[in-house]
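For reference, the structure is listed below as structure tokens.
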Amino acid sequence: MPRDRRQGRVAVGLDVFVLTGAGISAESGLGTFRDADGVWTRHDLSLVATPEGFARDPARVRAFYNARRANLATAAPNAAHFALARLQSGLAARSGRLFLCTQNVDDLHEQAGCVEVVHMHGELSATRCHACQAVWPDRAPLVADSACPACGATGTARPHVVWFGETPLRMEAIADALEESDLFVAIGTSGSVYPAAGFVAEARALGIRACEINLQPSDNARAFDERRYGPATEVVPAWAAEVLAGL
Ligand code: OAD
């Protein structure tokens, strides 16, 4: 519903801001980061997910992301991704909105039918030239001597993912959408990486109700008004159906 801070905004339906993390893709076979068998228990993030790591050993970084691209090629969206796509179209049909912001670099939300997904940590299926910053779709393995299609430089290709120490993408659009929302929902995220981990506090400070959906209480659990725990493939479809039924 409209609030004073939304003066001038036309939409009057329910406006939901959803933040997703690795937990929503876990049941699609993509590993999470901080669980017992998580990616960061097997790889040193300072070596594979920082600009310094890439400068020191680009071959190691390319191999890490090539393995993740190969893993993504075998993954398919699960019931939680599809439920968010149904919720997004259902809200839009009733003058509302689901703004979907993901920390995930996979494209399973898009494969499930979600539109305008904001990938704040970038996208695994894209490559960026670190000379001219051009970004292009790319699912093939990264190689040392590939040429940038925009500037022609060779050896400048890097995965289009945000590394530790870099600024997440689309932060202005994210701040605007959060401010306009009626409900903030975090799904499958440990709440330990900022700025995303701070969204719940920002929402609460704006008077926006907040709900956490996760396998278990996250680091931020107590900041939420409502908490629902269990596998995303079960809890997200049930929650989305409730929201649609209540419209
Ligand atoms: P984490 O691995 O930190 O957290 C995943 C969360 O998902 C945990 O709280 C799990 O309990 C939960 N989870 C696991 N399986 C689940 C399931 N089947 N259903 C529901 N929840 C489940 O992943 P993120 O919070 O996404 O950043 O990590 C945030 C960022 O840290 C990532 O985007 C990545 C990483 O380092 C960069 O690489 C920049």
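Structural remarks
- Nearest-20 debye value, the chain charge dipole, Cβ charges on Lys, Arg, Asp, Glu: 100
- Lone cysteines, the chain (no partner Cβ under 4.7 Å): Cys101, Cys114, Cys211
- The range 83-167: trypsin sites (Lys or Arg not before Pro) in DSSP coil with no more than 16 other Cβ atoms inside 10 Å: Arg94, Arg139
- Positive-pole candidate from Asn220, Val48, Ile24, dipole of the chain, charges at beta carbon: Val48
- Each Lys and Arg adds +1 at its Cβ and each Asp and Glu adds -1 at its Cβ; summed about the Cα centre, the range 129-209 shows a dipole of about 240 debye.
- Cα-based convex hull, the chain, per residue volume (Å³, whole number): 125
- Over the range 129-183, relative contact order from alpha-carbon pairs under 8 Å, at least 6 apart, %: 27
- Inverse of mean 1/r across different Cα pairs in the range 200-245, Kirkwood, Å: 11.3
- Sequentially through the range 179-189, phi angles give Karplus couplings (6.51, -1.76, 1.60; θ = phi - 60°) of 4, 8, 7, 9, 8, 10, 10, 9, 10, x, 10 Hz, Gly and Pro residues having no value and appearing as x.
- Selected from Val200, Ala153, Phe164, residue furthest toward positive end of dipole (the range 147-216; charges at beta carbon): Ala153
- Residues Phe99, Phe33, sorted so that the one with the fewest Cβ neighbours within 10 Å comes first: Phe33, Phe99
- Summed residue charge, Cβ within 9 Å of Ala221's Cβ, Lys/Arg positive, Asp/Glu negative: 0
- The range 1-127: C-alpha pair distances exceeding 20 Å, %: 52
- Each other residue within a Cβ distance under 15 Å of Thr32 adds +1 if Lys or Arg and -1 if Asp or Glu, for a net charge of -2.
- Per-residue HN-Hα couplings for the range 240-247 [Karplus 6.51, -1.76, 1.60; θ = phi - 60°; Hz; x = Gly/Pro]: 4, 5, 4, 4, 5, 5, x, 6
- Here the contact order of the chain, divided by its residue count and restricted to Cα pairs under 8 Å and six or more residues apart, works out to 23 percent.
- Counting charges near Ile187 (Lys, Arg +1; Asp, Glu -1) among other residues having Cβ under 11 Å from its Cβ returns a value of 0.
- A prolate overall shape is assigned to the range 83-147, the ratio a/c of its alpha-carbon gyration tensor axes (a ≥ b ≥ c) being 1.5 or greater and a/b exceeding b/c.
- Scanning residues 5 or more positions from Leu98 or on other chains, those with amide H under 5 Å from its amide H are Val16, Ala92, with H placed 1.01 Å from N in the peptide plane.
- Per-selection Rg to Rh, the range 150-227 - Cα, Kirkwood hydrodynamic radius: 1.12
- Taking the average, over residues, of other Cβ atoms within 10 Å as the packing measure, peptides 228-241, 140-153, 48-61 rank 228-241, 48-61, 140-153 from highest down.
We did not get these values from a lab; they are worked out from the coordinates using the rules stated. Computed from a predicted structure; not experimentally measured. Cβ sites come from the backbone with ideal geometry, for glycine too, and all protein chains shown count toward neighbours.
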